[in-house]
Amino acid sequence: LGDVYKRQEWLREQSSDFKDRLTDLYNRTFNCYVRPKYDGTHQEFPDLDLKGLGIDNLYDSQKDAIWMDKLLGGGIIDHEVGTGKTLIMCIAAFEMKRLGMANKPMIIGLKSNVHDIADTFRRAYPNARVLYPGREDFTPEKRVGIFHDIKNNNWDCIILTHDQFG
């Protein structure tokens, strides 16, 4: 406690000019970054099949994350488990395609959950054109055909694993 008191006394003894410079330096170093807040509650999702998903509406946090993705052209969604990250990815990708913000949106997922992503996308948008090649479709013999499909067709979303994308 004595050290804190000594530092406070030392600071009080300094000139106003020094205190102002120290304050400016501190603020430029530590107080210059403000995380933006995205309010996506105004959005409507005309093609989204809420009944197919078995929900009444999206969480406001999902709408906010979708709005952030649309404004930034993509992003990292760091919500906790069970708060709807998969659905956020799917809706953001579809919305960016629908609004002309992306030509062929692509979702890259882990092998362990890429099937769930594709399933969620299909339930959310049953009429969407989704390319989701399985393991058996991405063999070396078929790989060139998949790339031609990606290049030559008008997909609403392409869903690949990290390995397939690599």
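The values are calculated or read from the model by the stated rules, or taken from the named source; none is laboratory data. Only a predicted model underlies this, so the values are computations on that prediction, with no experimental measurement involved. No Cβ is skipped: glycine too gets one built from the backbone with ideal geometry, and neighbour counts run over all protein chains shown. Protein only, heavy atoms only, side chains kept; ligands, DNA and RNA dropped before computing areas. Shrake-Rupley method; radii C 1.70, N 1.55, O 1.52, S 1.80 Å.
Side notes on the structure shown:
- Loop sites here are GluC sites (Glu not before Pro) outside DSSP states H, G, I, E and B with no more than 10 other Cβ atoms within 10 Å. The longest part of the chain free of them is 81-166.
- Förster radius 30 Å - calculated FRET efficiency between LEU25 and TYR5 (Cβ-Cβ, nearest 0.05): 0.85
- Extending 7 Å from the Cα toward the beta-carbon at both ASP116 and TYR59 defines two label points whose distance is 1.4 nm.
- Debye intensity ratio in log₁₀ form over the Cα atoms of the range 82-165, taken at each q of 0.15, 0.25 Å⁻¹: -0.51, -1.32
- The alpha-carbon atoms of the chain define a convex hull whose volume equals 211 cubic angstrom per residue.
- Long pairs among LYS37/LYS70; LYS111/LYS151; LYS97/LYS151; LYS51/LYS111; LYS63/LYS85; LYS85/LYS111, criterion Cα-Cα beyond 18 Å: LYS111/LYS151; LYS51/LYS111
- Cut-off 11 Å between beta-carbons: net charge of the residues surrounding THR161, Lys and Arg +1, Asp and Glu -1: +1
- Within the shell defined by Cβ-Cβ distances under 10 Å, the residues around MET101 carry a net charge of +1, with Lys and Arg each +1 and Asp and Glu each -1.
- Accessible area per residue for the chain is 69 Å², calculated with a 1.4 Å probe on protein heavy atoms, without ligands, DNA or RNA.
- Carbon and sulfur %, accessible surface of the chain computed with the full protein complex present, 1.4 Å: 52 percent
- Residues with amide H under 5 Å from that of ILE107, placed H, sequence gap 5 or more: ILE158, ILE159, LEU160
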